[in-house]
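These notes concern the structure reproduced below.
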Amino acid sequence: MKSINIKKIDDVSFISIVNNKGLSIVLSTFGASIFQLETIDHLNRLESIVLTPDSLNDFYYSDAYFGKCVGRFSGRINNGVCKIDGKQYVLDKNWNDMHSLHGGKDGISFKNFDYEIKENKEYVDVIFKYLELEDLLPGDVNYKITYRISFLKNEFTIFFNAISNKDTLINLTNHAYFNLSGNIKKTILDHKLKLNCDYYTDLDETLITKEIKPVDKIMDFRRFKKIGKDIFNPQIHDAAYKGYDHCFIRQNKSKNNDVIAILKDPLSKRKLTVKTSYPSIVCYTCNYPANITINGNKINQHQSICLECQYIPNGINMENVNKAIFKANEIYEEYITYQFDN
Ligand code: FUC
């Protein structure tokens with residue numbers, strides 16, 4: 001039986017939705033986030049497929065952004081500096097005192113959103129809203145982030161809508177850590193990944209995006225490939241990023257194929273298909289495991305993968321890429337769909 005339940009802890013609400021098809025999700029107003037997500041495996045076992053820290057405090061404030069929506073921008077801004085309409089803006093360097101990461105220390109991941117619920121026979125919308133006042137970037141931004149959870153199939157979509165009263169940088173994503181084995185029985189190195197992406201952004205030693213390059217052997221996921229096949233190649237494992245943390249860019253999104261990524265686990269037979277309106281996706285293989293516990297155990301390197309659909313990180317400081325600058329009163333609207341099969 002499908003169900004919607006709400007639990008409040010202090011001023012944070014947790015909205016639990018079971019769709020009666022084999023998907024159960026708990027959303028939180030804190031960071032407009034995915035707190036828990038369970039789907040069935042090939043034996044109909046409902047198991048957790050995302051990483052959620054044991055401690056609520058870790059979930060709220062970890063700089064690993066577990067399940068959080070990220071904004072005003074995703075990824076790193078080089079030296080925490082960018083230009084909008086010819087004027088320079090200096091952001092807080094919350095990553096290694098070097099760059100500004102994921103909206104900075106006051107990013108939306110750490111804000112408590114208002115919410116409302118609208119339901120019909122086919123799906124339920126959980127609509128998160130937040131007004132971010134002008135601070136280090138220009139403009140007050142009204143965010144509306146809607147999770148549409150289907151009652152008919154194991155699928156949900158996040159619709160990202162925003163509008164600013166001044167020209168500003170906006171690049172929103174979700175930062176869930178996926179492990180399809182169920183209850184993180186193993187790493188994601190045996191998971192198979194397919195990316196409909198012909199290009200990627202190389203990274204420098206401080207993980208800032210450099211030039212866009214055609215995928216090479218290590219970065220090529222245009223056919224299903226085990227994540228562990230090339231991840232220990234010195235080209236990436238000996239580098240500062242210690243694994244995949246790169247932005248993959250698709251050639252052109254065709255009208256009838258918005259699939260950007262497919263992730264499969266051989267153990268559970270679970271499959272996640274990611275569809276999006278965004279032109280690119282950052283794949284982060286949990287190279288720097290956060291110092292938290294899940295089910296009482298520390299998490300290990302490569303125990304999950306983040307599939308962060310977004311515009312190219314630091315695009316505002318790059319040439320010939322979308323800078324993700326939105327004009328005053330221009331409507332920002334993008335979506336990410338997560339479709340689960342088993
Ligand atoms: C930085 C990013 C990763 C991830 C992590 C939480 O290391 O480069 O993509 O967002 O933070």
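The values are calculated or read from the model by the stated rules, or taken from the named source; none is laboratory data. Computed from a predicted model, the values in this text were never measured in an experiment. All Cβ positions, even for glycine, are placed from backbone atoms using ideal geometry, and neighbour counts span all protein chains on display.
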| query | Given the residues T187, T146, which is the only one that is modelled with pLDDT of 95 or more and either part of a strand (DSSP E or B) or within 16 Å of the ligand (Cβ to nearest atom) (or both)? | reply | T146
| task | Please work out which one of (1) over 21 Å from F110 (Cβ atoms); (2) touching a residue at least 60 places away in the same chain (Cβ under 8 Å) is the condition N79 fails and give its number. | result | (2)
| Residue among T273, T293 that alone is surrounded by 14 or more Cβ atoms within 10 Å (Cβ to Cβ), among the β-branched types (V, I, T), closer than 24 Å to V50 by Cα and away from the ligand (no atom under 16 Å from the Cβ) | T273
| task | Scan the range 197-221 for residues that are touching a residue at least 12 places away in the same chain (Cβ under 8 Å), surrounded by 14 or more Cβ atoms within 10 Å (Cβ to Cβ) and not in a strand (DSSP E or B) and jot them down. | result | C197, D198, T206, L207, I208, V215, I218, M219, F221
| query | When you go through (1) assigned to a loop (DSSP other than H, G, I, E, B); (2) among the aromatic types (F, W, Y); (3) away from the ligand (no atom under 16 Å from the Cβ) one by one for F35, which number turns out not to apply? | reply | (1)
| message | Filter the range 302-342 down to the residues that are touching a Phe, Trp or Tyr at 6+ places or on another chain (Cβ under 8 Å), surrounded by fewer than 18 Cβ atoms within 10 Å (Cβ to Cβ) and not charged (D, E, K, R) and list them by number. | response | N322, Y335
| message | Can you tell me which condition K87 does not meet? The list is (1) touching a strand residue (DSSP E or B) at 6+ places or on another chain (Cβ under 8 Å); (2) closer than 17 Å to A324 by Cα; (3) of a type in the set (D, E, K, R), and all the others hold. | response | (1)
| field | Condition broken by S109, with the remaining ones in (1) assigned to a loop (DSSP other than H, G, I, E, B); (2) at negative phi; (3) within 16 Å of the ligand (Cβ to nearest atom) satisfied | value | (1)
| message | Looking at the range 85-111, I want the residues that are free of Cβ contacts under 8 Å to residues at least 60 places away in the same chain and under 16 Å from F59 (Cα atoms) and have a partner that is more than 14 Å from the ligand (Cβ to nearest atom) and among the aliphatic types (A, V, I, L, M) with Cβ atoms under 9 Å, at least 6 apart or on another chain. Which pairs are those? | response | D106/L136
| message | I want to confirm something. Restricting to the range 64-97 and keeping residues that are touching a helix residue (DSSP H, G or I) at 6+ places or on another chain (Cβ under 9 Å) and of a type in the set (S, T, N, Q), which single residue is farthest from the ligand (Cβ to nearest atom)? | response | N79
